[in-house]
Structures are given as C-alpha cells and as structure tokens.
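Participant: Before I ask anything, let me first share the structure, which is written out below as structure tokens.
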C-alpha cells in the first residue's frame, strides 16, 4: 500500500513539474516585448514554411502576415492544449469523476489564460486580447478531451485484457480432423 502511495506521489510530482514548465514557457513568451514577440513569430513562421518547402521570397507580405497569424493562433492553441492535457492528467490521479477532471483542468487553464492576458497589458508593445483567451481556453478544452479519450481507450483495453477468453470448440475441431483423415 505504501509503495502505491509513493508511486502516485512521484507521478503527481512529475506531472506537476511538467505543468509548471509549460506555464513558465507561456509566461516567458508573454513577457517578450512586442517587437521581440514579432521576431519570434516571424522566425517560427519561416521555419514552418521551410518544412512545407515554401519560399518566403515568393510569398506576398499580405499572405505572410496571414500565415503568421495562423501560426500564432496555433501556438496559443498548442500551448494551452498541453496545459489542459497535463492538468486533466493531474486531476485524474485523484479519485474524482472524469468529467470533473475535464472541468477542473479547463477552469485552471482558463484562469491561467486570463492572468496571461492581464500580464501582457504591462508588457511594452503587447495587449490583452479576448480572442487569445478564447483560443487558449479552446486549446485547454481540446487537450483535456484528448486525455479523456486516451484514458477511456486505455480503460477499455485494460478491461478487454482482463476478460477471460472463451475456449475454442475443441470437439468440433476433433470431428473435422477425424472426417478428414
């Protein structure tokens, strides 16, 4: 019993460390002044375009801005999907319903998204945006749902593995073998 408690405590500590690392990463990116944040986005957009073999020089500035907006939105969504996933995972380690784990994870992530947007008010060249908050919360919801789907699949597979298998009908097999030979 003590080893199980110790194991779950270690698991929770690891998950909590991952949650904190995601939160720090979000904070650090939010603390970038407007110009630095723009450069980060441009660099990552160039990286993404390179993956798809698109040359920036052959793309109009309007199209580049549009792509950069999509990349920024996906970055917000992904950061908070990771936060929602990990938060839901942490809540699942406690004896609470899965639906409550999802609710707590999304609420926690949404609260952090609000604090992130408020933080950006005080960063030069940045501003709080409701659209970012909505994207962040949607990402957290998505990440939490993905975890719950994975947990349901894992529980289903575990249940299937515990079911006793029906023995094959050996009488029929013996009759067939006798008729053939």
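All of the numbers you see were taken from the coordinates with simple rules; none came from a lab. Predicted, not measured: the structure shown is a model, and the values here were computed from it. Here the Cβ is made from the backbone with ideal geometry for all residues, glycine too, and neighbour counts use every protein chain on show.
Participant: In whole angstrom, how far apart do the alpha carbon centroids of the range 63-117 and the range 1-57 sit?
Facilitator: Using only Cα atoms to place each centre, the spacing works out to 12 Å.
Participant: Which residue fluctuates most in the GNM of the chain (Cα springs below 10 Å): 15, 54, 145?
Facilitator: Checking each option, the largest mean-square fluctuation is seen for 54.
Participant: Related question: How much length is gained on full extension from residue 59 to residue 93, taking 0.36 nm per residue of separation minus their Cα-Cα distance?
Facilitator: The span from residue 59 to residue 93 would gain 7.4 nm if fully extended.
Participant: Moving on to the next point. So what's the back-of-envelope 222 nm ellipticity for the chain, counting only DSSP H runs of four-plus at -39500 (n - 2.57) apiece and dividing by all residues, rounded to 500?
Facilitator: -28500 deg cm²/dmol
Participant: Once the mean 1/r over all distinct Cα pairs of the range 1-91 is inverted, what Kirkwood radius in angstroms do you read off?
Facilitator: So the Kirkwood estimate lands at 15.6 Å.
Participant: Moving on to the next point. Using a Gaussian network model on the chain with a 10 Å cutoff between Cα atoms, which of 163, 63, 97 fluctuates the most?
Facilitator: For the chain, modelled as a Gaussian network with Cα springs under 10 Å, the answer is 163.
Participant: Test of understanding: extend the Cα→C-beta vector of residue 33 to 7 Å, then name every residue of the range 123-158 with backbone N under 11 Å from that spot.
Facilitator: Of the residues in the range 123-158, 124-126 have backbone N under 11 Å from the label point off residue 33.
Participant: How far is helix 61-92 tilted off the main Cα axis of the chain, in degrees rounded to 10, range 0 to 90?
Facilitator: In the chain, helix 61-92 runs at an angle near 50 degrees to the longest axis.
Participant: Please identify which residues in the range 84-122 have an amide N closer than 12 Å to a label point set 7 Å out from the Cα of residue 158, following the Cα→Cβ vector.
Facilitator: Counting backbone N atoms under 12 Å from the label point, the list is 93-94.
Participant: Assuming 0.36 nm per residue, please report the length gained on full extension of the stretch residue 129 to residue 66 beyond their Cα-Cα distance.
Facilitator: 20.9 nm
Participant: Can I ask one more? If the viscosity is 0.890 mPa s and the temperature 25 °C, what Stokes-Einstein diffusion coefficient in µm²/s follows for the range 2-180 when Rh is the Kirkwood radius over Cα pairs?
Facilitator: Result for D is 125 µm²/s.
Participant: Compute a Gaussian network model of the chain, connecting alpha carbons closer than 10 Å, and tell me which residue from 112, 80, 94 fluctuates the most.
Facilitator: 94
Participant: I'd like the orientation of helix 34-51 relative to the chain: the angle between its Cα long axis and the longest Cα principal axis, in ° from 0 to 90, rounded to 10.
Facilitator: So the inclination is approximately 50 degrees.
Participant: At 0.36 nm per residue, minus the direct Cα-Cα distance, what do residue 10 and residue 118 gain on full extension? Give it in nm, one decimal, please.
Facilitator: Residue separation times 0.36 nm, minus the Cα-Cα distance, leaves 35.6 nm.
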